[in-house]
Every structure is written in C-alpha cells, then in structure tokens.
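*Asks:* I have a structure I would like to understand better, so I am pasting it below and will then ask my questions one at a time.
The values are calculated or read from the model by the stated rules, or taken from the named source; none is laboratory data. None of the values given here were measured: they were computed from a predicted structure. Cβ atoms come from the backbone with ideal geometry, glycine included; neighbour counts cover every protein chain shown. Remember, those area values only see protein heavy atoms, side chains included, never the ligands or the DNA or RNA. Shrake-Rupley method; radii C 1.70, N 1.55, O 1.52, S 1.80 Å.
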Amino acid sequence: MRPMRKIFLGLIISIQSILWGQAPTWSVDESLFEYSMTFIARINIGGETLTSSSDIVAAFVGTECRGVSNPTYISASNEYYVYLTLFSNTPGETMTFKVYKADTNEEITISRTVDFEANQHVGSRFQSYVVAEPPLRTGASINSFGFNNVVADSLNIGSNLLQFYLPYDEDITNLTPTFQISDGARAFIRQTEQVSGVGVRDFTNPVIYQILSEDEFSLNEYRIVVQNSPAPSGGDSGGGSGSGGSGSGSGEDSDEDSDNPVFTISESNRFTQVSESGTTDDFIVVVYQQPENQIVFSITSSDTSEVEVLTNELIFTRDNWNYAQYVQVRGVDDDLRDGDQQSEVTIAVDTSRSDATFAQVESIEILVTNLDDENTPGILVEETNGSTQVDENGSSDSVFIRLATEPQQGNVVLDIQVDDDTEIQTNLNRLEFSSSDWYLPQQLTVTGVDDILTDGSQKSNIIIAVLDDESDDAFDSLEDIRIQVITTDDDEGQDNQNPGGDDNDDDDDPTEEPPAPPLFYKKDAVCYYGGAIKVSYEVEGTSVILNLNGNRVSTRQIDNGETIFDDIQPGSYVVEVAGRVKVVNVGLDE
C-alpha cells in the first residue's frame, strides 16, 4: 500500500502544480548596467488595482528583463504602490511591461511602453505611473461647474478658466461647488480629493481645481474665479474685492456709485511670489464698469532688477470689459546673496488712452516677493557613522569638513579648537579652503587622551569657527559649529551611566551646557519613496532647512524633539539646523 500512497500523493502535487503553475522567475543583474530610471507606479488589471505582494510587474527590452518589483502598502495614503527601477546602458530604449497576477496565475502583456531616460524619476504618490491592461481612460476635464442653490448672473469660459459673476449680495465665502468631470477622472484641490455637492468653500480668491485622469497620465488645472456683480445704483456695495484692493474714482454717476470699485485685483493664494530661478506668478484684474470706448491699464514694477512684468498693459473695451484678464510677473536673477526681496507692482489707468470718465481712478499697488536663489554660505560636517567617539586608549575617529558654497572673495579659514584638551586632541587647528578646493572634504582626526581618573565616559566638543579677518566676508556671519565627542574611560569602576563627570561639578550643570548637537538619520525606502531624513534636536521650535542643488526645498520646525522630511526624491541634501550643516544622501548609492 505504501508505494501506491506515494504515487497518489505525487499525482496530487503534480495536479496542483498544473493548476496553480509557477510565478515567473523574472530578475535583472543591476551590475551589468550603467543607468537607472525609477518609477512610483500602480498596477491595474481589468479595472482592479493589484494589492498582493505576490503580484509582479517587470520591464523588458525584447526578452531581457530590465526591472522587477511588487506592490507595497503605504499606510499614509492607504494605497498600494510599486517602486520600480529600470536599468539600461542605452538611453532611448523602448521598454515593455508584463504583469503576473498571482491569484489567477496569469501573465499579462501590457500595451503601454516607456522610452528609457537615464537618471530620471517618473510618478509620485499623487500622480503615479499606471501600468494597466486594458488601458484606462485619459480624459481630465471639467464638463460643468456651478454652485448649489445659486444662479450666476453671468459666466465666462476661457482656456482652463471659469469666471462666475454671482448676485451682488451672494456670500461667496460659503459656496457648495457642484461639477461634472471626465469619466473615471478625479478632482483635487491641493491634492485633496473633492466630491461634487459635498462641503462648502470660500471663493473670495481664485481656487485651483486639479483634474487627474483615470490613467493618471493627464493632470489639468482649472482656475475658478468668483466675483460679486456690482450692486445696483443707490444699493448696497457688493462689488467683489480682491486681496490686492480696489481702484475707484469719479465717473458720470460718481455721486451714486463712488463706493463701488471700478476695478479690483485678485491674487492667487492671497500673495504673489516669484523666484530668481525664473518662476512666474500671476494675478487677475476685474473691471466692474463698462467703458464707452476702452479703459487701458499700465503695469509697472518698482524694481526691474528683481521683478519683471511680462504683461505691460491690459485693454478692456465695451465688448470684453466683463472678462477677467491676467497679469504675469517673473523673478529676475542676480549674483547677490541679498535674501528675498519685495517689489511693488503698480496697476494704473493710462489716462491718455482711456475714456475721460476713468481719469480719476486710483491705482493699485501689490507686493511681489522674489525669492533669492544664491547658495547660502555654510560649512558641511560629516561624522563617520553619524557620531564621533574615541577612548582613553588613544583610539581615533574622523570628521570630514568642507564648504557648502564656493567663496567668491578670497579663501575661507576655519579655526579648530577643543573645549577640553584633557579628553580629546585634534591633528589640526586650522583648515583653509579656496575657490578651487572648497567642495573637497578635509579630514580632521580626533584622538582620545588618557588620564588616571575613574570618571566614566566624558563629553567634550570640537569648536569650528570662521576666522573673519582671513575669510570671505560672506562667511563671517556663520555661527560656530560644535561637534560633540564622547571619550570612553579605560579605568576600572567607570560610570558609563554618567557621561560628563560628577554631578557635583559646576561645569556639568545642564543649565550651563549648550544644547547637544542635532542628530541626523537617513530612513530607507521601505516606508518612504526614495527615503526620508529625520533630525533630532532638543530645542523645540528650532527651524530645520532642507536644501537641494543650492535651492531651499523645505523648512520645518523641531516638534517633540524631532522633525522628519519624508517622501523626498533621491538626491544629495544639505540639512541646516542650529548653525550646523550636514550632507545626507537619500536614495543614492553611497
């Protein structure tokens, strides 16, 4: 009977193998390729997003596998994403996709392809790269838009602009929007999904709706502008007011309607901001009185070295006066480290070209902020393994120091001191950087000093200061950097629970000690795309600045002893906190 039983069990195993099959053994040898391209993707088969870690997506050139991954659950967005890396030696190669659906043991060929781009990243958690079969719908438009229980006096429709004029006494701070969008698409405001007919919103300023197609390939923005129509003559003043103010003046019926604005300005997000990297912003001009012929506005900047006006004039005629028009401004670059600068942009009636009835209309000035893009001078400190530790046996540790930016006027000289030479010594007391080597790290060696005391592990500091008289003036304002060093005692009976010495020593009074230097941690991509940076520091509310490629990308404050920059793209980031600067590589080979 036993041989028959073995044959019977073998048949069962064979039948199961036939029924369930085997998952494909797709794999790629990354060491064979020079370039990579990363994706945040989602898999959709038959209209269903795949969520099993046994599901697989792979990319191919011909039959050669160039990348493979599985879905991962991200609790922050309650979604499943695929973090996929493709490899190639030849930019421009066309890659195809295949998906293995584990629950049905299917291998599906995807019709969508991608052309390889070296060192590029595609997709985000908001707008991912969707690998789907059959392909999902591509529409991303608003088909209709309105407000619950409100009838507009008039509606103007432009390219990606919907401008409503509501009754003069309608409360535009408390409107419930209703809309229809492309089939399968979703609507968002600042990446928060919106549902038609649900919730109220303030439309005092323009509101930007983002329409994301079902296949997440198309993302179109629509600007919704809502204004109150002018109040009837002699009635209450209900003219819409923009954040930039309103211009009024005397017309033929000035006694009756002088309280009503002739025109108003509306700024997106209630402010106008550009940057020296050439970014632009715009604001809206709305006219409330129909001209007999025309009203012409001239737009000028108070400081053209900071802010350039791209729309120098606006002309409103008797035919288009009730259409909003845009003014676009752009930041101007300079070579100065002058910080963020504010300029005034003035919108004024050109009386020589406008109807005489508008001659007394007052101008409007708005402030435009131009963000500085010059690299902020700084000193970058890299500790081995994130800390510096030595012992009394004479062991050493290394600290690597370089500048964050190139000095423009002369060299930068750093003075190196220790605050307790009975515990540590350094091999150098001076470092000098020039315009040719500012980016090269210089090694500072720290060595423990032996004593005969049973004093436990001791904390001391290396102090790095700019020598102002010998350095580029741009670096003079930098605060001193303190690097904490722990020296482990080698004497018997040491008290490792009391770093810093006897509690009765006045020097160890915590009220006299400066805060411990911040600690930096790089978090991997298991929970975050690319990775994340965590900064721990004991002083609450301290600002932490994140820079990438010389540009500030985020600023946060220490809260409950830490702050985390998460979901950041791969790159070499400079983190600034409490006068200390550190380079943290995220998602890169180190």
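*Asks:* How big is D, in µm² s⁻¹, for the range 24-149 by Stokes-Einstein at 20 °C and 1.002 mPa s if Rh is the Kirkwood radius over C-alpha pairs? Mind dumping the intermediate values first?
*Replies:* Values: Rh = 15.6 Å.
So the translational diffusion coefficient is about 138 µm²/s.
*Asks:* Over the range 300-437, what percent of the accessible surface lies on carbon and sulfur atoms, probe 1.4 Å?
*Replies:* Carbon and sulfur: 38 percent of the exposed surface of the range 300-437.
*Asks:* Quantify, in whole percent, the carbon and sulfur part of the accessible surface of the range 84-162 (1.4 Å probe; protein heavy atoms only).
*Replies:* 46
*Asks:* Suppose each label sits 7 Å from its Cα in the direction of the beta carbon; what would the L310-Q191 distance come out to in nanometres?
*Replies:* With each label placed 7 Å out from Cα toward Cβ, I get 2.4 nm.
*Asks:* What percent does the relative contact order of the range 297-350 come to when contacts are Cα pairs within less than 8 Å and at least six residues apart?
*Replies:* Computed value for the range 297-350: 54 percent relative contact order.
*Asks:* Give the long-range amide H neighbours of A404: residues separated by 5 or more places, or on another chain, with amide H under 5 Å away, using H modelled in the peptide plane at 1.01 Å from N.
*Replies:* Residues meeting the criterion, in which the H sits 1.01 Å from N, are G378, I379, L380.
*Asks:* Using Stokes-Einstein with the Kirkwood hydrodynamic radius over Cα pairs, what translational diffusion coefficient do you get for the range 89-140 at 25 °C and a viscosity of 0.890 mPa s, in µm²/s rounded to a whole number?
*Replies:* Details: Rh = 13.1 Å.
Reported coefficient: 187 µm²/s.
*Asks:* Once you have the Cα-Cα distance between D335 and S31, take 0.36 nm times their residue separation minus that, and quote the gain in nm to one decimal. Don't jump to the answer; show the numbers that get you there.
*Replies:* Details: separation 304, 0.36 × 304 = 109.44 nm, distance 4.21 nm.
Net length gain for the segment: 105.2 nm.
*Asks:* Which percent of Cα-Cα pairs in the range 363-429 sits in each 10 Å bin, short to long?
*Replies:* Once binned at 10 Å, the Cα pair distances of the range 363-429 give 14, 33, 23, 14, 9, 5, 3, 0.
*Asks:* Can you check what the net charge comes to around T138, using other residues whose Cβ is under 9 Å from the Cβ of T138 (Lys, Arg +1; Asp, Glu -1)?
*Replies:* Local charge sum for T138: -1.
*Asks:* Ranked highest first by average number of other Cβ atoms within 10 Å, how do 100-109, 462-471 line up?
*Replies:* Averaged packing, sorted descending, gives the order 462-471, 100-109.
*Asks:* From the C-alpha coordinates alone, can you work out the Kirkwood hydrodynamic radius of the range 176-216, in Å? If you can, show how the numbers build up before the last one.
*Replies:* Values: mean 1/r = 0.0914 Å⁻¹.
The Cα-based Kirkwood calculation yields 10.9 Å.
*Asks:* Which whole-number percent is the relative contact order of the range 307-414 (Cα, under 8 Å, 6+ apart)?
*Replies:* Over the range 307-414, the number comes to 21 percent.
*Asks:* Starting from the Cα-Cα distance between I463 and D183, subtract it from 0.36 nm times their residue separation and give me the gain in nm to one decimal.
*Replies:* 94.5 nm
*Asks:* Separate question: May I have the convex hull volume per residue, in Å³, for the Cα set of the range 117-191?
*Replies:* Considering the Cα atoms of the range 117-191, their hull volume per residue is 149 Å³.
*Asks:* Would you mind calculating the gained length between Q557 and S111 on full extension (0.36 nm times residue separation, minus the Cα-Cα distance), in nm to one decimal?
*Replies:* Result for the pair: 155.9 nm of gain on full extension.
*Asks:* Given a 1.4 angstrom probe, what's the average accessible area per residue across the range 41-169, in square angstrom?
*Replies:* Using a 1.4 Å probe on heavy atoms only, each residue of the range 41-169 averages 46 Å².
*Asks:* Can you give the FRET efficiency for Q408 and L519, using 1/(1 + (r/R0)^6), R0 = 35 Å, r = Cβ-Cβ distance, to the nearest 0.05? Write down the numbers at each step before the final one.
*Replies:* Numbers: r = 32 Å, r/R0 = 0.92.
That pair, Q408 with L519, gives E of 0.60.
*Asks:* When N counts the residues of the range 365-475, how does its alpha-carbon radius of gyration compare numerically with 2.2 N^0.38 Å, as a ratio?
*Replies:* 1.38
*Asks:* Determine the per residue accessible area of the range 395-488 with all protein chains present and a 1.4 angstrom probe, expressed in square angstrom.
*Replies:* Result: 48 Å² of accessible area for each residue.
*Asks:* In addition: Which of the peptides 113-125, 163-175 is most tightly packed, and how do the rest follow, going by the mean number of other Cβ atoms within 10 Å of each residue? Let's see the in-between values first.
*Replies:* Details: 113-125: 15.1, 163-175: 17.5.
Sorting 113-125, 163-175 by mean packing, highest first, produces 163-175, 113-125.
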